[in-house]
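Working notes for the structure below.
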Amino acid sequence: MIPVPVPVILSFCAAIFFIGLAGVLIRRNILVVIMSIELMLNAVNLTLVTFSAALDHPHGQMAVFFIIVVAAVESAVGLGLVIALFRTMRTVDTDQIQLLKG
Amino acid sequence: MSPEAIFFYLFAVMAVAFSLVTVLKRNPAVGAFSLVLVFFSFAGIYAILGAHLVAALQVVVYAGAIMVLLIFVIMLLNADSPSLDMDRTHWTLRALSLAGCATLFAFFVWAFQNGSLFPQPGQFPPQRVAELGGSTKLISYLMFTEYLYPFEVTSALILAGIVGSVTLAKRQKVKRGKA
Amino acid sequence: MASSTSCLLSWLVFLPLLWALVGLCIPTNTASGLKLSKLSALIGSLVTFAVSICVYQQFDPASAQAQLAENHAWIPSLGVGYRLGIDGISLWLVLLTTFLTPIVILSSWESVEKKVKAYYALILALETAMLGTFLAMDAFLFYTFWEAMLIPMYFLVGIWGGKERIYAAMKLFLYTMAGSLLMLVAIFYLAYQYKLQTGLGYSMYLPDLYMVKIPSGGYLAPQSLLFLAFTIAFAIKVPLFPLHTWLPDAHVQAPTAGSVILAGVLLKMGGYGLIRFVLPLFPDAVRLYQTPMLVLGTVAITYGALIAWVQTDVKKLVAYSSVSHMGYVVLGIFALNPTGMTGAVYQMLCHGISTSGLFLLVGMIYDRRHTREMSDFGGISKVMPLFAIAFMIILLSSAALPGTNGFIGEFMILLGLWQTSQVLAAFAALGVILGAVYLLFMFQKVMLGPVTGDENKRLKDLSLREVAVLVPLLIAVFWMGFNPGFWFKKMQTSIDASLVPYSQSAVASSNAEKVGTPWNP
Amino acid sequence: MLALIPLLPLIGFLINGSWYALGQARGGKAVPATAAGGIATATIGASFVCALMLFLQLLGSEEEARTLEVTLFHWISAGALQIPFTLRFDQLSSLFCLVITGVGSLIHIFSIGYMGHDESPQKFFAYLNLFCAFMLVLVLGGSLPVLFLGWEGVGLCSYLLISYWYTDPDKASAGKKAFIVNRIGDLGFLLGMFLIFTTFGSLDFTALKQLVLTMPVSGGIMTTICLLLFVGCTGKSAQIPLFVWLPDAMAGPTPVSALIHAATMVTSGIYLVSRLSFMFALSPDALCVVATIGAATALFAATIAIAQNDIKKVLAYSTVSQLGYMFLACGVGAYASGVFHVITHAFFKALLFMGAGSVIHGMHEEQDIQKMGGLRRLMPQTFLVFAVGWLAIAGIPPLSGFVSKDEILWMAFASEHGSVALWVVGALTAALTAFYMSRLFILTFLGTPRFKVAEPQDKGHHDHGHGHDHGHGDAAHHGVAVHESPAVMVLPLAVLAVLSAVAGAIGIPHMSWLEHWLHPVLAHAPALRPEVHHETEWVLMGVSVGIAIVGIALAFVIYGNLKTAERFKTQWASLAKILSNKWYVDEFYDALIVKPLNALATILWKFFDVKVIDRIVLSLGDASNQSGALARSLQNGSTQLYAFLMLAGFLSIVGYSLYGIFH
C-alpha cells in the first residue's frame, strides 16, 4: 500500500529533520529557530506515520496526534516567551539572550 | 511508478525546497510562508500514506493555528524592531553544525538502506482498516477507548499552555529601570 | 581489647562542644551578658582541663596499650567504630591542648570584639576536634576529627583574622584538605586490605590495621605509596619543608588565639600522626624513606631559620621559626631510636609552650600598637619591663637555652639523630646557632635600642590578665626544663612500643613477617 | 653546703629579680644600689664562705677523698641517657669556685659604687648574681650537660650584661654578637658531647675518666672529640677564630668586663680543657691545635692591643692575648700552669679592669686614653693599685703575672708537646704585652692632663654625671672634675692588688703547691724534651724578665714624650691603621659570612619561598581555576552551543557504535 520504498520516505524525513536542526544551529533569530523546531517535529511525525503504515498499526498515528497537540501548545508558550523576552531584552538574537551564562 | 509515488516525490521535493527557504531566508516572514507550504506538503504525504486524520490535523493545526500565531508574532515584533534582521551564528559553530548534520544525515540514509526495520506485520493491515470503516474511524475509536486518559490529559496540557502563554505574553506592570 | 568501662574520654572530648552549645544560649546584647559568655567559655575550658587531669591520674604509665578505651559500633558495615583510647604520647598532647585552651580564651578577652559568642564557641568546638583527633583509635574517626578541626579554624582565621584573612583561611583549608584526602584514600585501602587478608570484613580499628601486611620493597611499592599518602598529609600539617607555605600566611592573618592554637596544637597533629600511623603501619617504607625525610627535616631547620632571620614582620618570623622547630620533630621521629623519639614528643610539647608564648606576646603588643612591623617598634623594654622579662624567657626557651624546655627537646633529638647520622645531626645543629640569630635580631629590633616614636613611649605594660596568661607558660618553661623526667616517665613505655618494629631483631626479620606492633606486642 | 655555693647567688638573683619585677618594673621607684648591691654581695659573699669552708675541708682530707659530690635531682632520664644534676667539688673546681666567688664578691662590692647612679641597680645585681650562679654550676657540674647548662647560662648573662644599657643600639648589638658567636662555639661543644656519648655511653666526668682509660678508642675519634670541644672553648674563651665578640663586649658596664670578660667566664674554656685533660692527653694532634691556636691568638691580640685607644679595648685585647697564653699552656700539656695563669690573671686583670673602671668613673665616662694623662695626682689610690696590676701583667718579678707566665713560657719551650717556635711567639707576646700595658699606663696616669681640669668643688655636677650616656658633652665644655673613687670601689682594688702581687707564691716553680694540688685531677704533666736541660729554665727566666723590661723601656721611650709617639705613629702609619682596625677581622667576617648568609636568606625568602615554592602551590590552585574557567566557557548561555554539543555527543555515540560494529 505504500507507494514508495520505506527507506526513501525515512531518508526524506531525515533530510527535513537535519535541515531543521541546521536551522536551529545556524540561525540567531529566535523565531526562525522556533520554525526550525517545527520542521524537526514534522519530520518526526512523518517518520511515525510512515512506520504506522509500514507496520500496519495505527498507534503511530495516535502518537502523531499527541505530538501535534503538544507542538501546538509548545509554539503557543514558546512564542509567548519570545514576546516576553523581546519585551525585556529588546532583541530576538539568541547570542544576546544568555542569561544562563555561567 | 504509481500516481501516488509521483505525488509523493512532488511533495517531498517541495517540502525540502521550502524548508531550505525557511531556514536560509533572512526575512522570517518569508520563512514563515515557506513553512506553510512545507506543512501543506507534509499533509499531502500523510494523505498518500493513508493517515487522513493526521493530514487534516496537520492542515488545521499546523498550517492554520500555529502559522497564524507565528506570523502574528513576526509582525508584532517586526513592527518596532529593526533587530529582526538577523545575522547567522559564529562561522565555526555554523560550519561544524552543518558538517555534523550532513554526517548524521548520511549515516541515517545509510542506516535506512541497510537496516532491517520490519520484524513482523501489525494487527491492522489495510484490508482490516477498511473493514473497520477507515483509518479516521479507527483512530477515533482508539482515542476514546485505549487512549482516553492521555487524551484527557492533553486537554489539561492545552489549558496549561493557554494560561502559560497568556501569562507570559501579557504586558506586565514592570518596574521601571529594570532592563 | 577490653570493652569500654568508662566514658571519661568521651566526656573529655565532647565537654567543650557541649559547653559551647550552652554558651551560645547566653544572650550577649548587654555588657554583662557579654562578660558572662566569656566567663562561661573560660570556665568550660578550665573544667575540661580538670577532666584531662583526671585522665592523667588514671593513666597507667606501665602499659603501652590504649587506656580508658571506649569502643562502640558506628558504621559496622565499613568496620568504622567510635573508638577512643589514650597512650603515653597522646596523653601529653591532650594535656597540652586542654592547658592551652584556657590561656587562649583568656588572651582574647579584650582583643576580640566582634561576634564574641561565636568566637568562643568556635574555640571550644575546635578543642573538641583536637582532643578527638588525639584520642581516636579508629582511622575513620581520626579522619573525621582531623577534618572537623579545619572548620572552626577556617572561621577563626576567616572572620577574626587580618587584612588578607580570606586568602589565608582558604589556603589553610584547601592545603591541609588536599593532604588529608590522600590519607583518606590510604585508609580505605588499608581497610580493604584488612578485609582481603582476614576475610572478616572491613575494619578501621587501628590495631587491626597494624596487622595488615602490605607488600614492600622499592620506592613505588604499595607500602611506599601508602607511606607517601599518609606522610604528605602529616607533613603538610607539621609543616615539613617544601609543604610549609600555608603556615606563614595562616599565622600572620590569624587572630592571636588562632595562631596560638595553630602553632601550639594543630602542628602537633602532624607529628602525632607520623608516630601513630606512619611508623607502625609502614616499617619497611619508613626505613626506605628515612634518609630523605631526615634530609628534609634538616633542610627545614636551616631554611626556616634563615628565612626567619630576614623577616620584618614579627609574626611571620615566629611562623618561620615554627617551620624550623618542627623540623626537629621530624628528625626526632625519623631518627628511629628512643632518644630521638622521646625528644620529638618532648619537642612538640616544648614548641607548644614556647611558640604559643611568642605568639601571645606578639599578640599583646599587636593589641597595643596594631602593627607587627619590627621597624615600628624599638626600645620597648624601656616602657614595658615586665613584657620584656616574659619575652626574654620565652625567647630563650625558643632558642633552646639549657634550663629551659627547648633545650631538652633539641638536645635529645640531636643526640638521637647523631646515633643515626652524624653528618645530618651536625647540619641540624646549625639550627642552634641560627635560632639564636633570628630571635636575638628580633629581640633587638623590637625591644632594645632607644625608644622610638611617641606611640611606643605611651605603651602600657602588661595588665594583670596578661600576666595571668603568661605565668603558666613561664612556669611550664622552667618546669619542663629542669624536670623532664616528670614527662618522660609517662610516655616512655608507649615510645618504646612504637619503636618495636624498628628494634634490631625486628629489622632482621622484617622481610619475613611484621613482628610486633605497638598495640599487639 | 655544696649545693649552697651556686644556690646562694641564685637566691640573690631571685630576690633582686622578683623585687625588680614587682617593684620598679611595675612603675615603682628604683631601689638604691646599696640595698640591691648589699643583698647581691651578701649572697655571693656567703657563697664564698661556703666555698672556702669546703676548700679547707678538702685541704684537711686525704688526697683520695678530695672529692665532694651531691646530686640535686634527676635532670634528664630517657633510656640510656641518664643525666643526674650532680655537683662535684674537687681540687680543680674548688680553685675556680674560690676565684669566682672571691673575685666575684670584690666586684660586687665595687659595683655598688660604680653602679650607684644607675637607673635600675636591682636588675644589674640580679644579672650579676645569676651570672655567678651559672658560672658556679659550670665549674661544679659533674657531667658535661650540667656544665653545658652553666656554659650557656653564663653566655646568656654575658648577653644580658653587655647589652645592659640596651637603649644604645651599639651596646645591644655587642651583646647579641657575643651571644651568637658563643653559640657557634656551643655547636662544637654540643657535637663533641654527642660524640662522647655515642663513643663512651656516658657524659659524667668521673665515669668518662674511667672509660677513657679502659676503652680502646681510635685516635681519630679522640682527636675529633677534643677538637669539637675546643671549638666550644674558642667561642667562650675568645680564641681565633671566634674572639671577635670579646672586644665588643666592653660595651657592658666595667664591673661586668672585670668579672665576666676577664676573670671568670672567658676562662671556662681553660677549665673545660683541664677538666677533660685526660682526653686531650690522648690526642697529641688536638693538643698541637690547641697550642698553636693559643699562641697565635696571644700574639695576634697583642698586636691589636698596641694600637687601641679605648682603655677597655686595650684590656680586652690583652685578655684575649692572655687567654691565648693559657691555651698555649694547655696545648703543651701544662694544664696546671694554665690553671695557675687563670688564677693570677683573674686577680690582675680584674684589678686592671676595675682600675680602668675607677678611672672611667672618675673621668665621667671618658674611655679614650688619648684624652687622659696625669691622673697620677688626681687619682692617687687608683694609680697605685693600677701600677701593681700593670707590673704584674708585664711580667716583672716577683709579682704573680711573672711567675705564671714564666712557667707557661718554660713549658712551651721544654715540654714534649712544645717547641722553640711556640716559645718565641710566647716571648714576643710577652714583650708586646709589657709594651702596650706600659703605653696604657703612661698615657693614662703619667705626663700632664690632656683634658681641661675643672674645679673639684663642682660637686653637685658630677654626682649627676655618672649616667652612662652622659658626660662627654659636659667634659668638653666645662672641663672634667676628676675625682678619686669612693672607698667602696677602691677597697676591692686594694685587695686585688695584694693578691696580684703575692698570688704567684702558690705556683713557684719546682715547689708548686698548685701543681701538687691539681695532680690527681689533671692529666700528668708532660715529659720534657730530651734535649732540654734544667739549667735552661733559669736562662729563659732571665730572658723573659729582660724582655719585659725592654718592652716597658721601649714604651717609656716612645710614649714618655708625646711628640716621639706622634712621630712614631706617622712613621708606621699603614701598620698603625691596620692594627687600630684590628686587622679588619670584623669586616672580613662580615663580608665573608654575615652578608652572604643574609643575602642568601633574603633570596631564599623573597625568591625561593615566595616565587618558587609558594608559586607552585598557588599554581596548583590556579590550575583548578583555569580548568574551571575552561569548563565555564562551555556554559556560556548560548542555547545553540548546547544544541551543537548535543549534536556532537550524538555524533560521537554513533561513531563509537559504528566503530564497535566494524571491529
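Quick look at the numbers
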| read-out | value |
| --- | --- |
| Matching entry among C:GLY416, C:GLY431, C:GLY403 (being closer than 17 Å to D:ILE180 by Cα and in contact (Cβ under 8 Å) with a residue 24 or more places away in the chain) | C:GLY431 |
| Top-ranked residue of segment D:326-343 - restricted to ones that are of a type outside the set (A, V, I, L, M) and in contact with a Gly (Cβ under 6 Å, 6 or more places away or on another chain), ranked as surrounded by the fewest Cβ atoms within 10 Å (Cβ to Cβ) | D:PHE340 |
| Conditions (1) away from chain D (no Cβ under 14 Å); (2) touching a residue at least 60 places away in the same chain (Cβ under 8 Å); number of the one not met by A:ASP93 | (1) |
| Residues satisfying the stated conditions in segment B:123-142, i.e. more than 22 Å from the chain's Cα centre (by Cα), facing chain A (nearest Cβ under 7 Å) and hydroxyl-bearing (Ser, Thr, Tyr) | none |
| Every residue from segment A:55-86 that is at the interface with another protein chain (Cβ under 7 Å from one of its Cβ atoms) and of a type outside the set (A, V, I, L, M) | A:ASP56, A:HIS57, A:PRO58, A:GLN61, A:PHE65, A:PHE66, A:SER75, A:GLY80, A:PHE86 |
| Pairs with Cβ under 8 Å, 6+ apart, first in segment D:623-648 and on the phi > 0 side of the Ramachandran plot, second modelled with pLDDT under 85 and surrounded by 13 or more Cβ atoms within 10 Å (Cβ to Cβ) | D:GLY637/A:ILE97; D:GLY637/A:GLN98 |
| Residue selected from segment A:1-38 under the condition over 20 Å from B:ALA17 (Cβ atoms) and assigned to a loop (DSSP other than H, G, I, E, B), by the criterion farthest from the other protein chains (Cβ to nearest Cβ) | A:PRO5 |
| Single condition C:PHE407 does not satisfy, out of (1) within 14 Å of chain D (Cβ to nearest Cβ); (2) surrounded by 24 or more Cβ atoms within 10 Å (Cβ to Cβ); (3) in contact with a helix residue (DSSP H, G or I) (Cβ under 6 Å, 6 or more places away or on another chain) | (3) |
| Exclusive hit being assigned by TED's automatic domain parsing to the domain that holds D:PHE205, under 20 Å from D:VAL495 (Cβ atoms) and either modelled with pLDDT of 90 or more or surrounded by fewer than 24 Cβ atoms within 10 Å (Cβ to Cβ) (or both), set D:THR67, D:THR41 | D:THR41 |
| Qualifying residue in segment D:28-36 (condition: in a loop (DSSP other than H, G, I, E, B), without any contact (Cβ under 8 Å) to a residue 12 or more places away in the chain and either charged (D, E, K, R) or surrounded by fewer than 18 Cβ atoms within 10 Å (Cβ to Cβ) (or both)) | yes |
| Number of the condition not met by A:SER52 [criteria: (1) within 14 Å of chain D (Cβ to nearest Cβ); (2) part of a helix (DSSP H, G or I)] | (1) |
| Identity of the residue in segment D:14-27, surrounded by 15 or more Cβ atoms within 10 Å (Cβ to Cβ) and among the hydrophobic types (A, V, I, L, M, F, W, C), that ends up farthest from the other protein chains (Cβ to nearest Cβ) | D:ILE15 |
| Flag for C:LEU386 being farther than 30 Å from C:THR291 by Cβ, assigned to a helix (DSSP H, G or I), more than 7 Å from chain D (Cβ to nearest Cβ) and not polar (S, T, N, Q) | no |
| Residues being surrounded by fewer than 15 Cβ atoms within 10 Å (Cβ to Cβ), out of contact with any helix residue (DSSP H, G or I) (no Cβ under 8 Å at 6 or more places or on another chain) and farther than 23 Å from C:LEU106 by Cα - total across segment C:7-59 | 2 |
| Hits in segment B:120-142 (condition: among the hydroxyl-bearing types (Ser, Thr, Tyr) and either touching a helix residue (DSSP H, G or I) at 6+ places or on another chain (Cβ under 6 Å) or loosely packed, with under 11 Cβ neighbours inside 10 Å (or both)) | B:SER135, B:THR136 |
| Wholly enclosed helices (runs of 4 or more DSSP H) of segment B:1-71 bearing at least 3 residues among the aromatic types (Phe, Trp, Tyr) | B:3-24, B:28-48 |
| Whichever residue in segment D:78-120 is in a loop (DSSP other than H, G, I, E, B) and aliphatic (A, V, I, L, M) and, among such residues, is farthest from the other protein chains (Cβ to nearest Cβ) | D:MET115 |
| Pairs with Cβ under 9 Å, 6+ apart, first in segment B:143-168 and at the interface with chain A (Cβ under 7 Å from one of its Cβ atoms) and under 17 Å from A:PHE65 (Cα atoms), second charged (D, E, K, R) and assigned to a helix (DSSP H, G or I) | B:GLY161/A:GLU74 |
| Inter-residue pairs, beta-carbon under 6 Å, first within 12 Å of C:HIS251 (Cβ to Cβ) and in segment C:358-374, second of a type in the set (S, T, N, Q) and assigned to a helix (DSSP H, G or I), 6+ apart | C:PHE359/C:SER259; C:GLY363/C:THR256 |
| Pairs where the first residue, in segment D:532-557, is over 19 Å from D:SER438 (Cα atoms) and the second is modelled with pLDDT under 85, C-beta under 8 Å, 6+ apart | D:GLU537/D:PRO509 |
| Matching residues in segment C:215-228 - criterion: being surrounded by fewer than 23 Cβ atoms within 10 Å (Cβ to Cβ) and either on the phi > 0 side of the Ramachandran plot or not polar (S, T, N, Q) (or both) | C:PRO215, C:GLY217, C:GLY218, C:TYR219, C:LEU220, C:ALA221, C:PRO222, C:LEU225, C:LEU228 |
| Helices (runs of 4 or more DSSP H) lying entirely in segment D:297-407 (those with 2 or more residues that are in contact with a Leu (Cβ under 7 Å, 6 or more places away or on another chain) and hydrophobic (A, V, I, L, M, F, W, C)) | D:311-331, D:335-362, D:380-394 |
| Residue within segment C:114-135 that is free of Cβ contacts under 8 Å to residues at least 40 places away in the same chain and of a type outside the set (A, V, I, L, M, F, W, C) present | no |
| Residue check for A:LEU41: at the interface with chain B (Cβ under 7 Å from one of its Cβ atoms) and either buried (at least 24 other Cβ atoms within 10 Å of the Cβ) or assigned to a helix (DSSP H, G or I) (or both) | no |
| Qualifying residue in segment D:102-122 (condition: touching a strand residue (DSSP E or B) at 6+ places or on another chain (Cβ under 8 Å), buried (at least 23 other Cβ atoms within 10 Å of the Cβ) and modelled with pLDDT of 90 or more) | no |
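The values are calculated or read from the model by the stated rules, or taken from the named source; none is laboratory data. Just so we're clear, the structure is a prediction, and the values are computed from it rather than from any experiment. Note that we place each Cβ from the backbone using ideal geometry, even for glycine, and neighbour counts take in every protein chain shown.
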